[in-house]
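Below: one structure, written as structure tokens.
The values are calculated or read from the model by the stated rules, or taken from the named source; none is laboratory data. Quick caveat: nothing in here was measured; it's all calculated off a predicted structure. Because the Cβ atoms are built from the backbone with ideal geometry, glycine has one as well, and the counts that use them run over all protein chains shown.
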């Protein structure tokens, strides 16, 4: 048996896992099920995490991609990623009882898009075209919005009036990549307007900064998160950018023992939509591989909370660990 001095080390960084927007969105679906009974329909996955979606599905949530799949008059929750106005209009036309779980930080970007559109500016939206958040934000002013996700795409931009531009960003992007893209936009279009404050959300920034700190002390970083989670993928990319091996895992069973060969110190984090129970299961699995010296590193304090929608605010959510 290994002695304590020989034990392999697992460093679990905080902040990790659920952000305030995800806590609010999951609470909304759970409280809607409690208040209205099953089924409650949810437009798109409420958050991008396989485990969370499956747990809610078992309780009676039905996830749909098209409003036409929702029966007239049913309860519908909009996901944390936000929706375009066309989806809101279609929900209204079907007399649906809508509860909006859009993250307030995403709503902020939608309002900025509307403001820039009113100013007759062309909006350069930085993000991933197929991501639900970009679909929602670009839908606020589709005739005025151009989506880019790289410096090369900025270089290829053709705009009618370079003096009437503005940029916005998806909330879950890489800080490094976004800074490079914004710098090139400002270089090409010196008069481009931007948001009053950074669009990349506090949780995305904090989790990236925590990975950057722990990367100095580990040989491998494991990120708990689903394949379609933008912020989780950015954590893996950041670690790799820092020349640290990194893997994205949905669950403990995804750990390949080969990754751990020759590894003495592992860093563990979780994307903003991954629940703590998965981190605990991964920790237990790593202990089986000899990583019995397990430590939590509290690197950045987070105390953000978002209020519930008025129609659910009177129902107290269960406390979260």
Inset, instruction - Evaluate the following for residue 79: is it surrounded by 14 or more Cβ atoms within 10 Å (Cβ to Cβ), out of contact with any helix residue (DSSP H, G or I) (no Cβ under 6 Å at 6 or more places or on another chain) and at pLDDT 95 or above? - result: yes
Inset, instruction - Answer yes if at least one residue in segment 235-258 is surrounded by 13 or more Cβ atoms within 10 Å (Cβ to Cβ), modelled with pLDDT of 95 or more and within 19 Å of residue 24 (Cα to Cα), and no otherwise. - result: no
Inset, instruction - Output yes when any residue across segment 104-112 is under 21 Å from residue 309 (Cα atoms), touching a residue at least 40 places away in the same chain (Cβ under 8 Å) and surrounded by fewer than 20 Cβ atoms within 10 Å (Cβ to Cβ), and no when none is. - result: yes
Inset, instruction - Tell me which residues, restricted to segment 213-231, are out of contact with any helix residue (DSSP H, G or I) (no Cβ under 7 Å at 6 or more places or on another chain) and in contact (Cβ under 8 Å) with a residue 60 or more places away in the chain. - result: 213, 214, 217, 218, 228, 229, 230
Legend entry - Some residue of segment 301-311 being in contact with a strand residue (DSSP E or B) (Cβ under 7 Å, 6 or more places away or on another chain) and in the same structural domain as residue 219 (by TED's automatic domain parsing): no
Legend entry - Failed criterion for residue 140 (all others in (1) free of Cβ contacts under 8 Å to residues at least 40 places away in the same chain; (2) assigned to a loop (DSSP other than H, G, I, E, B) hold): (1)
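Condition first: under 19 Å from the mean Cα position of the chain (by Cα) and surrounded by 13 or more Cβ atoms within 10 Å (Cβ to Cβ). Now tell me which residues in segment 121-138 satisfy that. Before you say what the answer is, go through the steps one by one.
Let us first name the residues in segment 121-138 that are under 19 Å from the mean Cα position of the chain (by Cα), namely 125-138.
Residues satisfying the conditions are 125, 126, 127, 128, 131, 132, 133, 134, 135, 136, 137, 138.
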Inset, instruction - Report yes if some residue within segment 287-295 is in contact with a helix residue (DSSP H, G or I) (Cβ under 6 Å, 6 or more places away or on another chain), buried (at least 20 other Cβ atoms within 10 Å of the Cβ) and either more than 22 Å from residue 171 (Cβ to Cβ) or in the same structural domain as residue 36 (by TED's automatic domain parsing) (or both); otherwise report no. - result: no
Inset, instruction - Please work out which residue is surrounded by the fewest Cβ atoms within 10 Å (Cβ to Cβ), limiting yourself to segment 158-188 and to residues that are assigned to a loop (DSSP other than H, G, I, E, B) and in contact (Cβ under 8 Å) with a residue 60 or more places away in the chain. - result: 174
Legend entry - Only listed residue being under 22 Å from the mean Cα position of the chain (by Cα), assigned to a strand (DSSP E or B), within 26 Å of residue 171 (Cα to Cα) and modelled with pLDDT of 95 or more, chosen from 23, 29, 13, 53: 13
Inset, instruction - Please tell me if residue 107 is under 16 Å from the mean Cα position of the chain (by Cα), outside any helix (DSSP H, G or I) and under 19 Å from residue 131 (Cα atoms). - result: no
Inset, instruction - Scan segment 27-70 for residues that are under 14 Å from residue 226 (Cβ atoms) and free of Cβ contacts under 8 Å to residues at least 12 places away in the same chain and report the count. - result: 3
Inset, instruction - Determine, yes or no, whether residue 97 is farther than 17 Å from residue 199 by Cβ and without any contact (Cβ under 8 Å) to a residue 12 or more places away in the chain. - result: no
Inset, instruction - Quickly run through segment 23-40 and pick out the residues that are surrounded by fewer than 22 Cβ atoms within 10 Å (Cβ to Cβ) and in contact with a strand residue (DSSP E or B) (Cβ under 8 Å, 6 or more places away or on another chain). - result: 33, 36, 38, 39
Inset, instruction - For segment 189-224, name all the residues that are closer than 11 Å to residue 268 by Cα and loosely packed, with under 15 Cβ neighbours inside 10 Å. - result: none
Inset, instruction - Take segment 259-286 and flag every residue that is crowded, with 21+ Cβ neighbours inside 10 Å, in contact with a strand residue (DSSP E or B) (Cβ under 6 Å, 6 or more places away or on another chain) and in a loop (DSSP other than H, G, I, E, B). - result: 274
